[in-house]
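The values are calculated or read from the model by the stated rules, or taken from the named source; none is laboratory data. Model, not experiment: these values are computed from the prediction. Cβ sites come from the backbone with ideal geometry, for glycine too, and all protein chains shown count toward neighbours. Note: areas computed on protein heavy atoms with side chains; ligands, DNA, RNA excluded. Shrake-Rupley method; radii C 1.70, N 1.55, O 1.52, S 1.80 Å.
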Amino acid sequence: MSTTTPTPTQHRRNGGDLVVESLAALGADTVFGLPGQHALGVFDALRRSALRYVGLRVENNAGFAADAYARTTHGVAPLLVSTGPGALMTLAALQEAAAGSAAVLAIGSQVPLAGIGGGRHGYLHELTDQSASFRGVVKSVHTARTASQIPSAVAAAWESALSAPHGPVWLEIPQDVLLAEADVPPVAGLEARPQELPPRPELIAAAADRLTEARRPVILAGGGVVRAGAEAELLALAEQLRAPVATTFGGKGAFPWEHPLSLQSWMEDRYTTAFLEDADTLLVVGSGLGELSSNYHTFRPLGRVVQIEADLGKLESNHAALGIHADARAALAALVKEVGEREAGLTEDGEAPGSGAAGPGSGDAPSPEAAVSDLLARVRDRIAGQQLDLEQQVLASVRDALPDGAVSCWDMTILAYWAWSAFDPRRTNALHSAQGAGGLGYGFPAALGVAVADPARPVLAVSGDGGAMYSIAELATARQYDLPVTWLIVDDGGYGILREYMTDAFGAATATELTRPDFVALAESFGVPALRTTPEQLRTDLAAALAAPGPSVVVLPAHLRMFAPTHLDS
């Protein structure tokens, strides 16, 4: 097979055309990426397709943009990159996509076929086993070694990405396969059938038994609820059971923030931990009860746990439970139906639902709504005693400035840690952050991905000055595509959360202080409007930036602190 690129006047359909035709046939309309020498065949084919290409300046950032696009659309986000360094640069983003169940279909080129499998011909970008770098990160790894394999390989990868639980996949295609003439007709009838994950009926019946018999049922909703689009089913079940609902950081927006049964998201709080522990039946949906969702593994349930989880590896991985391996939406819908039928049966027998001896709020115990109100009051009192007025003022200003329908994307920064616990997203699937894998640099490129998915709404990105430096190059992307993203950079002169952690642990911080640019001048050099604000002026300045068309930057010099941890006292 020749690796010589055809001249523009002698184009023949090739492997690159099969890639873009396959993506289009499966329903893609947008791809993210960054070109490279071995991948030129597929990038050239984009010219002949109807696919919209959004090019970023760094592969990792392209991966973050694809991640947020997939979360926003509940669909697949194709990501096109080149061999070796380009491919490896996506790994941090794909780890975040895996942790957040984002269906990113990463398609990378490979060295020519002769160099695959340890051929060691010394090709540019050659790795002994490139796909091995991805196997511990993504859901599945796929390879196409001939042109005719490409459509089926793309479909298999697409199907894997969208099967519950959603997640990233890796597909690689050698350079000479992408450039080789394709002696097959244009792709038209390609299909992918993502695997559904319904619950087993006997498990739903057993879970309904435990929940309807419970005196103090409580629900913990994780990111699996949001990814599955199961918010309506969660609300219906909570109201049937009169069960208080807490959401994990990844599950923010899964339950209405101001609902009388909403415990909100104060997961790093001893009062919330105790409330969850005291439930006689705790229903955990779409969460593995990992470190952040269990207040750093201090959670010790006293009652029975029912866990609904699509990721088999997370089922009972931290706590014994009645484990239901199922998609959150399918399982919650089945529970709503089962509990509803039991309530109807009680009503026919002359007994009102929830009025029996096992009903929540029976006896001298406070009602579930009163218990929720009391818990939130205790959390507020704990925070109020820590002299954190500035932090609460800044977070409130951001909330007030952000339109109700807008999405926010948060980097790993102190203000984001506050947002995980205290920020009301005001609609579902409206807050995205990197708390799954925890890498820096997510906020701004993720916001670009959201804006590509829904350009009619403004999008907010929030970063610290340290995290912002990972994404500065994407100011050019924001300007090139005129994306309506406002980037709030909280500038405290370093890695603020690490400074705080090290000072608390060792009495002094090391390697946390940073020289940084004039972010306002730097943004303006990209043609992006920017301004420096103050905590007092933040609400007004941020609202104005969000209302203006196109990208913008708002810089807030401020030294924020975290609220005191409670897991260290347990």
On the formula 1/(1 + (r/R0)^6), with r taken between the Cβ atoms of LEU312 and ALA232 and R0 of 22 Å, the FRET efficiency rounded to 0.05 is 0.30
The alpha-carbon center of the stretch 505-538 and that of the stretch 164-183 are separated, in whole Å, by 40 Å
Charge tally for neighbours of LEU171 with beta carbon under 14 Å away, counting Lys, Arg as +1 and Asp, Glu as -1, is +1
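Calculate what fraction, in whole %, of the accessible area of the stretch 1-145 sits on carbon and sulfur atoms when a 1.4 Å probe is rolled over the protein chains.
Values: 2860 of 5440 Å².
It is 53 percent, rounded to a whole number.
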Excluding residues fewer than 8 positions from LYS337 in its own chain, the lysines with Cα under 26 Å of it are LYS252, LYS314
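What number, in percent, do you get for the relative contact order of the stretch 26-67 if the mean sequence gap of Cα pairs under 8 Å and at least 6 apart is divided by its residue count? Working shown, then result.
Numbers: 38 pairs, mean separation 22.6, N = 42.
RCO, the stretch 26-67: 54 percent.
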Rounded to the nearest 10 Å², the 1.4 Å probe accessible area of TRP266 is 30 Å²
Nearest-0.05 FRET efficiency for ASP454 and GLU258 at R0 = 25 Å, using Cβ-Cβ distance, is 0.55
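Accessible area, 1.4 Å probe, largest first: how do HIS432, HIS559, HIS125, HIS259 sort? Write down the numbers at each step before the final one.
Working: HIS432 0, HIS559 110, HIS125 60, HIS259 40 Å².
Solvent-accessible surface, decreasing: HIS559, HIS125, HIS259, HIS432.
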From highest to lowest solvent-accessible area (probe 1.4 Å; ligands, DNA and RNA excluded), LEU203, LEU440 read LEU440, LEU203
Cα extents of the stretch 95-238 along the principal axes, largest first, in whole Å, come to 68, 33, 23
Of every hundred units of 1.4 Å-probe accessible area on the stretch 426-570, the number belonging to carbon and sulfur atoms, as a percent, is 56 percent
Per its Cα gyration tensor (rounded if a/c is under 1.5, else prolate when a/b beats b/c, else oblate), the chain is best filed as oblate
Residue-normalised value, i.e. accessible area per residue, for the chain at 1.4 Å probe, in Å², stands at 39 Å²
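Ranking request for peptides 490-501, 225-236: highest mean number of other beta-carbon atoms within 10 Å first, then the rest in descending order. Can you show the working numbers first?
Details: 490-501: 20.1, 225-236: 23.0.
The packing order, highest mean first, is 225-236, 490-501.
Over the chain, what relative contact order in percent results from Cα pairs under 8 Å that are six or more residues apart? Kindly include the intermediate steps, with their values, before the conclusion.
Working: 1285 pairs, mean separation 72.4, N = 570.
Relative contact order here is 13 percent.
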Candidate span helices, the chain: DSSP H, at least 27 Å along axis from Cα coords, Kyte-Doolittle average at least -1.0, result 328-348
Expressed in angstrom and rounded, the centroid-to-centroid distance over alpha carbons for the stretch 416-452 and the stretch 226-269 is 18 Å
Lys and Arg at +1, Asp and Glu at -1: neighbours of SER293 with Cβ under 11 Å from its Cβ sum to -1
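Provide the net charge surrounding LEU431, with neighbours chosen by a C-beta distance below 12 Å and charges set as Lys +1, Arg +1, Asp -1, Glu -1.
Working: positive: ARG71, LYS252, ARG399, ARG426, ARG427; negative: ASP424.
Result for the neighbourhood of LEU431: +4.
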Rounded to the nearest whole number, the per residue volume of the convex hull around the C-alpha atoms of the stretch 204-252 in Å³ is 73 Å³
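Could you sort ARG378, ARG47 by accessible area so the largest value comes first, with the probe set to 1.4 Å? Spell out each step's value before the answer.
Numbers: ARG378 90, ARG47 170 Å².
These residues rank, largest area first, as ARG47, ARG378.
Taking N as the number of residues in the stretch 436-531, what is its Cα Rg relative to 2.2 N^0.38 Å? Display every interim value, and only then the final one.
Details: Rg = 14.9 Å, N = 96, 2.2 N^0.38 = 12.5 Å.
Cα-based Rg divided by the globular estimate yields 1.19.
Length gain on complete extension for the stretch GLU536 to ALA344, per 0.36 nm per residue less the alpha carbon to alpha carbon distance?
Numbers: separation 192, 0.36 × 192 = 69.12 nm, distance 5.46 nm.
Taking GLU536 through ALA344 to full extension adds about 63.7 nm, to one decimal.
Restricting to DSSP H runs of at least four residues, report the calculated mean residue ellipticity at 222 nm for the chain, -39500 (n - 2.57) per run over all residues, nearest 500 deg cm²/dmol.
Working: 22 runs with 217 residues, N = 570.
My calculation for the chain gives -11000 deg cm²/dmol from helical runs alone.
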Share of accessible surface on carbon and sulfur in the stretch 156-211, whole %, 1.4 Å probe and ligands ignored, is 51 percent
Between the residues THR533, LEU448, GLY507, the Cα farthest towards the positive end of the dipole of the stretch 424-535, that dipole coming from +1 and -1 charges on the beta-carbon of Lys, Arg, Asp and Glu, is from LEU448
